[in-house]
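Asker: Dumping the structure here so I can ask a few things about it.
The values are calculated or read from the model by the stated rules, or taken from the named source; none is laboratory data. Values in this document were obtained by computation on a predicted structure and should not be read as measured data. Don't worry about glycine lacking a Cβ; one is built from the backbone with ideal geometry, like all the others, and counts go over all protein chains shown.
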Amino acid sequence: MNKKLIFGGAAVLLLSVFLIRWIIYDSASVEQNASATIEETDSSPIVDDSKIEGIEFDVQEKEDSNGNKIFISVIREEIDLEQYAVDYYNKFFHDDAEVHGVMIKLPDGNTSTRIAVEDGKIRVTTHAYFGSEERILNRLFHGQKLHDVYVDVETGAIEVIADTNTNLQPQSTAETEDEIETVVVQPQQPTTTSGQSQQQAPQPTVTPTEPEDNSQLPLKATCYDGTVQYQDHPSLPNYQGMCSGHGGIYQRHGRVP
């Protein structure tokens, strides 16, 4: 009887030790996996001093779903990255094959700028912010392209890259002088009926000087057939009806004596 108790107690003790060791191992594995996950998503800045002109960039090395490394920073200060591209390159680039993304978030709009090296020059391409790009790396640089330049590493000179999808020189719709036909419109002479002779219109005459108060003077007009007509009624403000039977008005003289 005592042997059975001793054997049973030993078995329980061994089982307890096994369970305790398994729990400790499993906890350590969970903690190790959690640490690995944190290391993949969060990383330390790639340089100790990550400021340019007093602006903190805090560039982080990350990895997209395809295993490609990319360096991301988010700033909330207005800065012209094209002007500071050389400083950024000298401070944060360790290899010319790297690709960097800088998200600038401002009250009047956010941008996402890609910085890389092509043919020995720094290419700075600015896009409209697509949303959550700093966290979802596969969304990077999918916004509308706003500006695209090359920056010389040595001199900082900026060269704008033309967009091949845009017609930079639209065709002009203006006509040349050779294609424009100038037409001079002459006053039409009245059509004469049968039995009437066509009289030549008189030459324009100089309008006499009007008195200071001419509101009560008649309107005077010369007709196309040479007839002079007057509109005597001062209440009529225009030449309506004058020369209607004489080929129309050739010249208006205003209100004259």
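Results for (1) touching a Phe, Trp or Tyr at 6+ places or on another chain (Cβ under 9 Å); (2) among the aromatic types (Phe, Trp, Tyr); (3) in a strand (DSSP E or B); (4) buried (at least 16 other Cβ atoms within 10 Å of the Cβ), shown as yes or no for each residue.
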position	(1), (2), (3), (4)
78	no, no, no, no
81	yes, no, no, yes
90	no, no, no, no
111	yes, no, yes, yes
132	no, no, no, no
135	no, no, no, no
143	yes, no, no, yes
147	no, no, yes, no
150	no, yes, yes, yes
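Asker: Now a separate question. Can you find a residue that is assigned by TED's automatic domain parsing to the domain that holds residue 57, farther than 14 Å from residue 72 by Cα and at pLDDT below 95 anywhere in the stretch 109-117?
Answerer: Yes; the residues of the stretch 109-117 include at least one that is assigned by TED's automatic domain parsing to the domain that holds residue 57, farther than 14 Å from residue 72 by Cα and at pLDDT below 95.
Asker: Which residues, counting only those in the stretch 96-108, are surrounded by 14 or more Cβ atoms within 10 Å (Cβ to Cβ) and either not basic (Lys, Arg) or not assigned by TED's automatic domain parsing to the domain that holds residue 63 (or both)?
Answerer: Residues satisfying the conditions are 98, 99, 100, 101, 102, 103, 104.
Asker: Please name all residue pairs, on different chains or six or more residues apart, with Cβ atoms under 6 Å, provided the first residue is in the stretch 71-89 and is more than 13 Å from residue 56 (Cα to Cα) and the second residue is among the β-branched types (Val, Ile, Thr) and surrounded by fewer than 17 Cβ atoms within 10 Å (Cβ to Cβ).
Answerer: Cβ pairs passing all conditions: 82/158.
Asker: Moving to a separate point now. Given the conditions (1) in the same structural domain as residue 58 (by TED's automatic domain parsing); (2) modelled with pLDDT under 95, and given that residue 170 satisfies all but one, which numbered condition is not satisfied?
Answerer: Among (1) in the same structural domain as residue 58 (by TED's automatic domain parsing); (2) modelled with pLDDT under 95, residue 170 violates only (1).
Asker: Identify, from the list 124, 160, the residue that is modelled with pLDDT of 95 or more, surrounded by 14 or more Cβ atoms within 10 Å (Cβ to Cβ) and within 16 Å of residue 85 (Cβ to Cβ).
Answerer: Criteria check complete, one pass: 124.
Yes/no matrix, rows are residues, columns are (1) in a strand (DSSP E or B); (2) touching a Pro at 6+ places or on another chain (Cβ under 8 Å); (3) at pLDDT 80 or above; (4) of a type outside the set (Asp, Glu):
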| residue | (1), (2), (3), (4) |
| --- | --- |
| 14 | no, no, no, yes |
| 22 | no, no, no, yes |
| 27 | no, no, no, yes |
| 43 | no, no, no, yes |
| 66 | no, no, yes, yes |
| 74 | yes, no, yes, yes |
| 105 | yes, no, yes, yes |
